[in-house]
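**Student:** Below: one structure in structure tokens.
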Amino acid sequence: MRDSYVSAIYNATKINSNVLCIVGDIGSFLLRHYIEDFPANYLNLGAAEANMVGVAAGLAMSGKIPFVYTITPFITARCYEQIKLDVCHNRANVKLVGVGSGVSYGTMGSTHHSLEDIAIMRVLPNMTIFSPSNKQEVEEAVFAAMKLKDPVYIRLTLTANSTDKYRGKFEIGKARIVRKGQNAAIMATGDMVSIAINAAKALEKNNINCFVIDFPTLKPIDESLIKKLSEKCKAIISIEEHSVVGGLGSTIGSVLSQYPNNKTCFKILGFNDVFCGEYSSDKLKLFEEYGLSTRNLVKTMLDLFNS
């Protein structure tokens, strides 16, 4: 997804000269063409993330559209106070872009993992959250963020596992039906969308026809689609590369709780309120270890559906 982001920010700057690319001492090689063609729009403010967000807020209030790009835990947790007060409280037009979300940096341990970022960013007033699942959605998210005059957080993994092309307009606050079903639904975001698609294909053999729903926008959430599917589906599972506390699943659960007459069974899959203690460059191995594999998703749906 890094390449997709670099391409998208390049094209956005071509369209709007107010777009700025601000980095925290990463990506100089990937951004080399951007730096060459738009030197006045590029700022490397070093490994000083709190200062970087404060500078971005000031530039935004001066009419610029800063996209602030660095590794996810450093652009969220490390400078949270600046995001809360400088950006969100002032409703500054800053776009925060975290790369390597979840356990993408699987060999570097908890300092580089981000399993809480959705939760802490979701609670902030005025913040919109995008979580693309493929290259197409990365570009759509960047352009939607450029047009939206409010704080935005874009959550990126390192690589895009899903290559599916989605039809229809990218709309803030709307989910995408990637696969139509009948009696169950899997709701996913980011890299988990490809896991969900594979699980839905396997579940067909057991006469469980799953909707697969991609949530490129996590805040605001698509409440109307969640409600609609809760009335249609016997079982719904959410799956995310994030803690089960405060992420996509918690958001869906809070929506379902408002409609107590729905008869669907609901289960959240994610990291079960633990730090990821394993080290691996193979994300699928980590997903297997922590219950986010296709195999475990299929088993969980079978148990839930037949309970």
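The values are calculated or read from the model by the stated rules, or taken from the named source; none is laboratory data. Remember, it's a predicted structure, so these values are computed and weren't measured experimentally. Please note: Cβ atoms are built from the backbone with ideal geometry, for glycine as well, and neighbour counts cover all protein chains shown.
**Student:** Kindly list the number of the only condition in (1) under 20 Å from the mean Cα position of the chain (by Cα); (2) outside any helix (DSSP H, G or I); (3) not charged (D, E, K, R) that fails for residue 255.
**Tutor:** Evaluating residue 255 over (1) under 20 Å from the mean Cα position of the chain (by Cα); (2) outside any helix (DSSP H, G or I); (3) not charged (D, E, K, R) leaves (2) as the failure.
**Student:** For segment 206-228, how many residues meet the condition of being touching a residue at least 60 places away in the same chain (Cβ under 8 Å) and polar (S, T, N, Q)?
**Tutor:** Going through segment 206-228 one residue at a time, the tally reaches 2.
**Student:** Sticking with this structure for a sec: Check 80, 69 and return the single one that is within 20 Å of the chain's Cα centre (by Cα), at pLDDT 95 or above, surrounded by fewer than 24 Cβ atoms within 10 Å (Cβ to Cβ) and not charged (D, E, K, R).
**Tutor:** Answer to the selection: 80.
**Student:** Can you name the residue in segment 4-22 that is in a helix (DSSP H, G or I) and of a type in the set (A, V, I, L, M, F, W, C) and is also surrounded by the fewest Cβ atoms within 10 Å (Cβ to Cβ) among such residues?
**Tutor:** So, considering only residues that are in a helix (DSSP H, G or I) and of a type in the set (A, V, I, L, M, F, W, C), the one surrounded by the fewest Cβ atoms within 10 Å (Cβ to Cβ) is 15.
**Student:** If the requirement is being farther than 18 Å from residue 65 by Cα and free of Cβ contacts under 8 Å to residues at least 40 places away in the same chain, which of these qualifies: 157, 107, 111?
**Tutor:** Selected residue: 111, the only one of 157, 107, 111 that is farther than 18 Å from residue 65 by Cα and free of Cβ contacts under 8 Å to residues at least 40 places away in the same chain.
**Student:** Ok, one more. Suppose the filter is assigned by TED's automatic domain parsing to the domain that holds residue 11, of a type in the set (D, E, K, R) and touching a residue at least 24 places away in the same chain (Cβ under 8 Å); does residue 149 pass it?
**Tutor:** The answer is yes for residue 149.
**Student:** Right, something else. I'd like to verify a number: residues in segment 260-301 that are in a helix (DSSP H, G or I), crowded, with 16+ Cβ neighbours inside 10 Å and not charged (D, E, K, R), how many?
**Tutor:** Counting residues in segment 260-301 that are in a helix (DSSP H, G or I), crowded, with 16+ Cβ neighbours inside 10 Å and not charged (D, E, K, R) gives 8.
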